[in-house]
Amino acid sequence: MKKLSIILALVSFQCFGQMNETEVKAIIAVTEEPKLVVECSRFLQENFFHFADLVTDKLLSVNPKNGNYNYRKGFILLGMNKSPELALKHLEIAAAKTEINYDIYSPKETSAPIDVYYYLGVCYHRMGNLDKALEYYNKFMNETQKGSTLIPNATRRIAQVGSAKGIGTPNSNAVLLDINSPFNDVSPLISAEGKSLSFSSTRPRTDNSSAAYMEPMFNVLPADIYQTTKTKEGSWSSTQIFSMNDKKTDEVLSFLSQNERALCYSSWNDPTIYSSLFEQGAFTAPKQISLSVANGKEKVAPYNMQFVVSTDGNTGFFVSNALSGKGGWDLFMVEKKGDQWGEATNLSMLNSDADEMAPFLSLDGKTLYFSSDNAQSIGGFDIFKATRDVNGMWSKPTNLGSIVNSYSDEVGFSMIADGTKGYVSSNRIGTSGMYDIFSMDITENPSGISVLDGRIVNTKGNAIPEQSYVTLRCLNCTNTMETVITPRMRDGEFVSALEQCKEYELAYYYGPLTNKPYRNRFKTTCQTGFEWINKKVLIIDEDQVIVPFPTYEIKGVVVDMESGSPIADAQVNLSIDGKTTVVTSGANGIYRSDAIASYEFESHLTGDLNANADGYLSASSKINTDLLEDSVITVNFKLEATQKGFIGPYMVNYQFDRYNLTDYSKNKLKEVIKIMNDNPSLAIEVRSHTDSRGPSLYNQWLSDMRAKTAMNYIKQFVVNPSRISAKGYGESELLKPCGDGVTCSDADHLANRRTEFIILK
């Protein structure tokens, strides 16, 4: 009877894969509670978590205290990767009453299975309460049936708690990137030099074109591949979607070549590896990559995912659930045989009886990073690494520790070539969505490696020609064959790992027809550790040539304002982007500095320059410009001697019987303001005068008003305004002999109506 009732209850429901959310909600609205319990069970067993969640919410609305319903809700929240705090509330209600013989299909079941203790442990584990997590893991192990499929998971989780206590508290300084969305953001791949970040995301497209292909199991959109790049200000740009994405399927990124001309991706709903090439301004239609395991004894075709390739293109790594593996998902390695991939071998020395996922290979190919939920993890999936020696032997995997990992899952890791900055996707506490991308400072410290970071810059600001390339040849290595390197088309960047203590030659080709490429030789350090080798060149489209990159510098001459004679030993302070450099002028008054030599073509330069010399007032100048082909920025200074006592000539003149400032007068005062700010210790007296027309007492008052008006205007714009005083002299100090009874021109009277500026100290 029980079996028959279940069959009857299922008649109204379609095949899950053919149903959508609206249809499920409609059925829920008219279905009785006992049938809903059965349907919820079916959804759960088929992993249709979203549909099960809809049914469970309906059941909880009917009976919110039901332990079975609360268990289902907590289980679903964890399964859908929602907040463990939300799941905990339901699981704690459920744990009040457990049943060893729990019947998932019984509408009369009001208890929770013993499994609830395991999931309570997971919640507390992810939340960082290790003691409470261990309590519930042990409670589950003590009370569950011997054949429970969760026993291996609980055993591993108990070991992970021990690992967590040994490794320490996870890094709290990980930065949640602002490129994240409220949806899954995964598989971060940072470029070797750190200027571009590619990733996959289930966010809606701007045109909402993928909305019709919502995945019903977890209610998520198909994943697409996106990219963001570093701006001049150091922030991440708005994300751009890759052209080869299919709105119907997942594209979960696993590999993007340094030149961004080849990528590989997989799909959770179709665990097959695909590749696409960037040609003629767009990615080609994806092609499947077929890989086979070495022993050839597989009873079923394995699922293969997450393919990554070494820099030379000859070695690949991927994950597979092949029957020859050690756990569920294992790491495999495959090597090129001519133009084809050979048989893959299981990396048994790296794999565990748990799952290994998301391989990432260092630029030099010596270190493999991957995710694993083995017993050495501190919680769920952690990032591990293993190194390969010159004989091809792998080291024992080691946990990257709490600087990268958390008590939740880290699935997907990459880092810049020097090992100082890492990027990881994680569902740790504090995420804005299900999985988010974090950055953190790390100390991987790759040693014995130099990395070439080159760039070809188009003088027109355009993408470089697709046919441009570089050849790299080691002059004193065992292998002196040239290696062809194609740069990123959008910005001309190219990267390559180098041997240390060697001499190399670079040759730059505009295209295959280039007869005389620009060549450049350089040496790598003989010191162990890490070294960046930076090389930049310019591409001239009109001439179809590549030429040396300009070396930027600042120079100028410092002269006497009155005589034009050069001033020797003048100090010029250059404050560029928060860094200050001091240079001294020579006997000819010329100064020069390479303080901006490291800046790139098209960089925007801002800064302040200040020149000073004994016996002179200081002067300043600002820089606010884009760096273009001109390699020298020229800033000249004319310094005013202080021996005269007067600052000037910056005299302010007035209309007859007026003390207000005209626009012309204000412009003159701005010149004084600049001198005051350039010379913060300078003290001046503002002296104002009138002509001889009008009573002398009135003229004295008028001159005082003129002096105070000028002083107050200056004080608004200078530091330490107390160093400015004002005094009126009436008609007592005439410039022109226009005293009482003397006939003078209007111009002479105007010359007498003036304000002067006298240096006091």
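The values are calculated or read from the model by the stated rules, or taken from the named source; none is laboratory data. Bear in mind that the values here come from a model prediction, so they are computed numbers and not experimental data. Note: ideal-geometry Cβ built from the backbone for every residue, glycine included; neighbour counts use all protein chains shown.
Table for the structure above
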item	result
Which listed residue, of Thr155, Thr110, Thr144, Thr149, is among the hydroxyl-bearing types (Ser, Thr, Tyr) and without any contact (Cβ under 8 Å) to a residue 12 or more places away in the chain	Thr149
Top-ranked residue of the stretch 1-50 - restricted to ones that are surrounded by 11 or more Cβ atoms within 10 Å (Cβ to Cβ) and of a type in the set (Ser, Thr, Tyr), ranked as modelled with the lowest pLDDT	Ser5
Any strands (runs of 3 or more DSSP E) falling wholly within the stretch 388-482 and containing at least 2 residues that are within 28 Å of Asn171 (Cα to Cα) and not β-branched (Val, Ile, Thr)	410-415, 421-426, 436-441
Residue in the stretch 732-755 that is over 18 Å from Gln655 (Cβ atoms), surrounded by 17 or more Cβ atoms within 10 Å (Cβ to Cβ) and under 60 Å from the mean Cα position of the chain (by Cα) present	no
Matching residues in the stretch 369-400 - criterion: being out of contact with any strand residue (DSSP E or B) (no Cβ under 6 Å at 6 or more places or on another chain) and buried (at least 18 other Cβ atoms within 10 Å of the Cβ)	Asp373, Asn374, Ser377, Ile378, Gly379, Gly380
Test set (1) surrounded by fewer than 20 Cβ atoms within 10 Å (Cβ to Cβ); (2) part of a strand (DSSP E or B) - Asp207 fails condition number	(2)
Looking only at the stretch 610-634, and only at residues there that are more than 32 Å from the chain's Cα centre (by Cα) and not polar (S, T, N, Q), the one that is farthest from Asn573 (Cα to Cα)	Gly615
Check on Ala133, farther than 27 Å from Pro216 by Cβ, in contact with a strand residue (DSSP E or B) (Cβ under 7 Å, 6 or more places away or on another chain) and buried (at least 18 other Cβ atoms within 10 Å of the Cβ)	no
Lone unmet requirement of (1) surrounded by 22 or more Cβ atoms within 10 Å (Cβ to Cβ); (2) closer than 30 Å to Asp630 by Cβ; (3) modelled with pLDDT under 95; (4) not charged (D, E, K, R) for Val470	(3)
Residues that are in contact with a strand residue (DSSP E or B) (Cβ under 9 Å, 6 or more places away or on another chain) and within 17 Å of Ile378 (Cβ to Cβ), drawn from the stretch 413-463	Phe413, Gly422, Val424, Ser425, Ser426, Asn427, Arg428, Gly430, Phe438, Met440, Ile442
Candidates Ser618, Ser688 - the one that is surrounded by 16 or more Cβ atoms within 10 Å (Cβ to Cβ), within 30 Å of Gly741 (Cβ to Cβ), polar (S, T, N, Q) and touching a residue at least 60 places away in the same chain (Cβ under 8 Å)	Ser688
Scope the stretch 176-229; condition acidic (Asp, Glu) and either closer than 24 Å to Arg428 by Cα or in contact with a helix residue (DSSP H, G or I) (Cβ under 9 Å, 6 or more places away or on another chain) (or both); matching residues	Asp178, Asp185, Glu215, Asp224
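Conditions (1) of a type outside the set (S, T, N, Q); (2) at pLDDT 90 or above, marked per residue:
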position: Pro286; (1), (2): yes, yes
position: Ser292; (1), (2): no, no
position: Ala301; (1), (2): yes, no
position: Gly316; (1), (2): yes, yes
position: Glu335; (1), (2): yes, yes
position: Glu343; (1), (2): yes, no
position: Ser348; (1), (2): no, yes
